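Working notes for the structure below.
The values are calculated or read from the model by the stated rules, or taken from the named source; none is laboratory data. On a predicted model such as this, the values are computed, not experimentally measured, just so you know. Here Cβ is always computed from backbone atoms with ideal geometry, including for glycine, and neighbour counts include all displayed protein chains. Keep in mind that these areas ignore ligands, DNA and RNA; they rest on the heavy atoms of the full protein, side chains included. Shrake-Rupley method; radii C 1.70, N 1.55, O 1.52, S 1.80 Å.
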Amino acid sequence: MSGPSLLMTEFEEFAYALLDQLSVEINEEKEIISSKEKADQAFASKIKFEEIESICNRIYSDMSKKITEFTGIPVTNTKIEFPELVGFKQLKGRKVYPTKESAAFVDELFTAIAHEDVQKIASLAESQTFRYLVYSTYAKGYISQISTTYGDYYESAVYLNKFILSSYPQIILYKQGEPYEPKFEQVNSGYIGALKMTILEEQIHSIQSNLYNMNKNAVTEVNAINEELAKIILGLDDNATKNLYNYLQLPEVPDEYPVAKRANLFFILNPDNFIVQVLGPDVMTFTKVTVDPKILEMIPQLLDIYQRWLKPIQAHHAAFTTMEGMAEFAVKNILKDDKDFGNYLVTFANSDISSYQVRKSMGTDFTEHVFAKIGKDTYKTLIANPPTTRELKSPESYLNRK
């Protein structure tokens, strides 16, 4: 990737700025590749970890059985895929759940980002600016988590992050230093534990079809609302734009960058940023929002957009929190005495089983509370009757509505 030139269009500047935001992650990926090469050279043919595909094929049905025993729900034969780095980044683009009309654009954008293709990113930003504003904001959040994301579930398939999962065992063993052979067994066991945990989590997601669809539809609706807002802001006249900059006390952008000027406004005013900053995280339980009348004078449609955004964002928050909580609660219980998982925590996660067991999250705590009352039926119940954002904070109110 060559650096920016002095005579760039503002769309090329967008592209460089986006890749710059991802530079920490991109450098980390290069470091992982370099560290794995050093490890491979050091081990020569003396030490070899089993291929990720053969381990997964061996443990997949065992994990499925454990889930069925724990939840009472059979795991259907979901297919398992092992994408490399670019493929996993493209998958992350699909997990953005764009609107139907924007799906091809998002696929192209995430592919261009994965290849660090500045000109392609710039041309996409120029040709479909409103889409670029909405979906480029996902890139940093989604792609910057690649090195900590072992797997994902999407449309009836479990995807394992082959780049990370097949690199970390070698790197971890190599960093422990010579002699390697006596330490191999614990690291290899931790590697198998990481695969057990990932497969379990993604198989739990594979049985959550109602929650999965609720989350997907909610996110798509949020994206549609943000697309609408992006079009409105890009269509603002110069006078309204200037007045908003003055009122919001934003740093000035030169007039020769009209799109960048409005892009900044979109990033400030899109509800995921603006409402949460103004009203705080409790917005997830609100039923209505208020907007500064001065801002409404300049963008009258804003109140309606923010009000319509509340319902799908809360549905997404409720479904996603529940899905993640159910998966973590299952892992905590199913793998609590598993030696490989224990070694994963020590060698990969720099933790241990007791620290993992006390780890807190809203979704896990909620699932645990419901499980204490209704046991194995918890999973069927939560999938069929998802909690609201208010009920997540008060599991008793969820149980009392039955």
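Considering only the other residues whose Cβ falls under 13 Å of the Cβ of His205, what net charge follows from Lys and Arg at +1 and Asp and Glu at -1?
Around His205, the charge tally is -4.
How much accessible area per residue does the chain have, in Å², with a 1.4 Å probe?
Result: 47 Å² of accessible area for each residue.
Enumerate the calculated ³J(HN,Hα) couplings along region 365-378 in order (Karplus 6.51 cos²θ - 1.76 cosθ + 1.60, θ = phi - 60°), each rounded to whole Hz, writing x wherever the residue is Gly or Pro.
Each residue of region 365-378 in turn: 4, 4, 4, 4, 5, 5, 4, 4, 8, 10, x, 4, 5, 3 Hz.
Residue separation times 0.36 nm, minus the C-alpha to C-alpha distance between Val358 and Ala384: what's the value?
Answer, rounded to one decimal: 6.6 nm.
State to the nearest 20 debye the size of the charge dipole of region 119-217 about its Cα centre, where the only charges are +1 on K and R beta carbons and -1 on D and E beta carbons. Spell out each step's value before the answer.
Working: 8 positive and 8 negative charges, 60 e Å.
Here region 119-217 has a charge dipole of around 300 debye.
Taking the Cα centre as origin and putting +1 on Lys and Arg beta-carbons and -1 on Asp and Glu beta-carbons, what dipole magnitude results for the chain, to the nearest 20 debye? Intermediate values should be presented prior to the final figure.
Numbers: 42 positive and 54 negative charges, 293 e Å.
Rounded to the nearest 20 debye, it is 1400 debye.
In debye, nearest 20: dipole of region 265-402 around its Cα centre with unit charges on the Cβ of K, R (+) and D, E (-)? Present the calculation step by step, with values, prior to reporting the outcome.
Values: 16 positive and 16 negative charges, 85 e Å.
Charge dipole of region 265-402: 400 debye, to the nearest 20.
Counting only C-alpha contacts under 8 Å and six or more residues apart, can you give the relative contact order of the chain as a whole percent?
21
Lys175 versus Asn210, label points 7 Å from Cα toward the beta carbon: distance in nm?
So the two model labels end up 4.3 nm from each other.
If amide hydrogens are placed 1.01 Å from N in the peptide plane, which non-local residues have theirs closer than 5 Å to the one on Tyr154?
Sorted by chain and number, the residues that satisfy this are Tyr159.
Enumerate the calculated ³J(HN,Hα) couplings along region 147-162 in order (Karplus 6.51 cos²θ - 1.76 cosθ + 1.60, θ = phi - 60°), each rounded to whole Hz, writing x wherever the residue is Gly or Pro.
So the Karplus estimates, Gly and Pro as x, are 6, 10, 9, 8, x, 7, 10, 8, 6, 6, 9, 9, 10, 10, 6, 4 Hz.
Run through region 242-324 and list the trypsin sites (Lys or Arg not before Pro) located in a DSSP loop whose Cβ has at most 10 other Cβ atoms within 10 Å.
Values: sites: Lys242, Lys261, Arg262, Lys288, Lys294, Arg308; in loops: Lys288.
Here the trypsin sites (Lys or Arg not before Pro) that fit, given the DSSP loop and packing criteria, are Lys288.
Could you tell me which of the pairs Lys183/Lys339; Lys95/Lys393; Lys89/Lys162 are separated by over 19 angstrom between their Cα atoms in the structure shown?
Numbers: Lys183/Lys339 15 Å; Lys95/Lys393 26 Å; Lys89/Lys162 12 Å.
The pairs that break the limit, which is 19 Å between Cα atoms, are Lys95/Lys393.
Projecting each Cα onto the charge dipole of region 10-400 (Lys/Arg +1, Asp/Glu -1 at the beta carbon, about the Cα centre), which of Phe371, Ala44, Tyr180 comes out farthest on the positive side?
Phe371
Rounded to the nearest 0.05, what FRET efficiency is calculated for Lys336 and Lys120 with R0 set to 41 Å and r the Cβ-Cβ distance?
0.30
Ranking request for peptides 194-204, 15-25: highest mean number of other beta-carbon atoms within 10 Å first, then the rest in descending order. Before the final figure, lay out each step's value.
Numbers: 194-204: 24.5, 15-25: 16.3.
Result, highest mean first: 194-204, 15-25.
Can you work out the Karplus-derived ³J(HN,Hα) for every residue in region 226-239? Use 6.51 cos²θ - 1.76 cosθ + 1.60 with θ = phi - 60°, whole Hz, and x for glycine or proline.
Per residue, the Karplus-derived 3J(HN,Hα) values read 5, 4, 4, 5, 4, 4, 4, 5, 5, x, 5, 6, 4, 5 Hz.
Where a ≥ b ≥ c are the square roots of the eigenvalues of the C-alpha gyration tensor, would you call the chain rounded, which needs a/c under 1.5, or, failing that, prolate if a/b is larger than b/c, or oblate?
Judged from the Cα gyration tensor, the chain comes out oblate (a/c at least 1.5, b/c at or above a/b).
Provide the gained length on full extension for the span Thr290 to Lys30, in nm with one decimal, where the gain is 0.36 nm per separating residue minus the Cα-Cα distance.
Numbers: separation 260, 0.36 × 260 = 93.60 nm, distance 4.61 nm.
Full extension from Thr290 to Lys30 adds 89.0 nm.
I'd like the carbon and sulfur percentage of the solvent accessible area for the chain, probe radius 1.4 Å, heavy atoms only, ligands and nucleic acids excluded.
51
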